[in-house]
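Asks: Got a structure for you, questions after.
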Amino acid sequence: MLTAKEYRRPDAFRGLRVLVAGGGVSGADIACELAGHAAAVDWSVRRRQLFLPRDCGGVANDMLFSYIGRVALEELPYAGYLAWLDTLLPEYMRMYRATGLLPGTGFHGAVHVNEKIVPHVYRGEVRARAAFDHFADDGHVVFADGTRGRYDAVILCLGYEMPDYGFVAGLRHEELYEHFFWYRDPTMVVVNTPVDTDAFGTACPYFEAIAGWALAVLSGKAELPGREEMAAWCARHMGAPHRRRYYDCWLETIRIGLRSGALPDPATHFAGYWRLVSATVVPANLRPGARAGLPAPGDGLFDLTALKRRVLAWLPERARDALLSAGQIDAADHLGARRVPPSRRIAPWLPYRQRL
């Protein structure tokens, strides 16, 4: 028995009966690698996850939608999202449905990236099993549905422990304001994903955004709240880090970039802001002065003009008036934003649902 961290090479399991326990990315990746090496590969899955290929109709799957498109996607009924995937990936989705692993309900943004696990299960090269429950006294594995199996090796892909920052005297992850700044001494900044998340999205621009925010604070270009306010934030948000949540690194990059001042302020430079959030999520577009990027292929599902006006509606009316005078928006968008009801407004930092 070993953990995902201890796994190295598939040929070490040649000829063995192997159980991979864990339905996330690590479990799926390892099960796929073992297929063709191990004598048999079983994959124990607690709940069905949405797995999509890296290449979706010629587009990297995390670039199917723009930033604003990723927010709008949440409003699309899940059945409609699956119907769209049926047209985009017909053969893949046919196999997916045949395996019985396709989630009947889901969260559109929380995609697991793996193009091999569904075909492997479909062809019988990996067998999906119920959730791992316990080892019996005779060495058999007992699954949650009461079935049993006997294996030469079991690889546990059941998640990771919280990071231990104990090498810094007194530092605890529960005291990191916004997950990055140690509120007791904000000159200590941790560049990492939050401890309580299952993250999606390219890490490189996200980590650069955190570093940019840290530099802006340390150089005095951006300010943090007072110590008491940061401590109160930590008490609200860091009290139960064991409760896993979904975290969209692309959208967090926008939020952090606005906090640090690295991205155009929509209240004064809405045209530049909108060019960024309505284009394909390419890291180069986050550079200051970047020109408009290409449209995102999946954004054809949405009315981008309506989304633009919903973001504008969040801004104060005086800011919209100034944007109109400065030529940042046109009269139609100015009028359309006034007609958006409060319940339909979208904050410019593009909030999204984080609890699965």
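The values are calculated or read from the model by the stated rules, or taken from the named source; none is laboratory data. Quantities reported herein were computed from a predicted structural model and do not represent experimental measurements. Note that we place each Cβ from the backbone using ideal geometry, even for glycine, and neighbour counts take in every protein chain shown. Surface accessibility is based on the protein's heavy atoms, side chains included, excluding ligands, DNA and RNA. Shrake-Rupley method; radii C 1.70, N 1.55, O 1.52, S 1.80 Å.
Asks: In whole percent, what relative contact order does the stretch 13-123 give with Cα contacts below 8 Å and a gap of six or more residues? Mind showing how you got there, number by number?
Replies: Working: 141 pairs, mean separation 36.4, N = 111.
Worked out over the stretch 13-123, it gives 33 percent.
Asks: Explain nothing, just the number: dipole magnitude of the chain about its Cα centre with +1 on each Lys and Arg Cβ and -1 on each Asp and Glu Cβ, in debye rounded to the nearest 20.
Replies: Dipole of the chain, to the nearest 20 debye: 620 debye.
Asks: Using the heavy atoms of the protein chains and a 1.4 angstrom probe, tell me the accessible area per residue for the chain in square angstrom.
Replies: On the way: 17700 Å² over 356 residues.
Here the residues of the chain average 50 Å² of exposed surface.
Asks: Next question. Starting from the residue with the highest accessible area, list TRP349, TRP84 in decreasing order, probe 1.4 Å.
Replies: From most accessible down to least: TRP349, TRP84.
Asks: As a test of the formula, what do you get for the chain when each DSSP H run with n ≥ 4 contributes -39,500 (n - 2.57) and the sum is divided by the residue count, at 222 nm and rounded to the nearest 500 deg cm²/dmol?
Replies: -10000 deg cm²/dmol
Asks: Any chance you could get the radius of gyration and Dmax over the Cα atoms of the chain, in Å?
Replies: 23.3, 78
Asks: Aspartates and glutamates within cross-link reach of LYS5: Cα-Cα under 20 Å, excluding same-chain residues under 8 positions apart?
Replies: Within the straight-line limit of under 20 Å, LYS5 reaches these aspartates and glutamates: ASP29, GLU33, ASP42, ASP152, GLU161, ASP164, ASP196, ASP198.
Asks: Let me ask another. Leaving out ligands, DNA and RNA, and with a 1.4 Å probe, what % of the accessible surface on the chain is carbon or sulfur? Walk me through the numbers before you get to the answer.
Replies: Details: 9320 of 17700 Å².
Solvent-exposed carbon and sulfur of the chain make up 53 percent of the total.
Asks: Would you work out if the stretch 238-356 is rounded, prolate or oblate? Take a ≥ b ≥ c from the square roots of the eigenvalues of the alpha-carbon gyration tensor; rounded if a/c is under 1.5, else prolate when a/b is larger than b/c, oblate otherwise.
Replies: prolate
Asks: Going out from 0 in 10 Å bins, what whole percent of all Cα-Cα distances in the stretch 19-93 drops into each bin?
Replies: Going out from 0 Å in 10 Å bins, the stretch 19-93 shows 16, 37, 33, 13, 2 percent.
Asks: Something else about it: Where does the stretch 180-235 land on the Kirkwood hydrodynamic radius, alpha-carbon pairs, in angstrom?
Replies: So the Kirkwood estimate lands at 12.4 Å.
Asks: Taking 10 °C and 1.306 mPa s as the conditions, I'd like the Stokes-Einstein D for the stretch 1-153 in µm²/s, using the Kirkwood hydrodynamic radius from alpha carbon pairs.
Replies: 95
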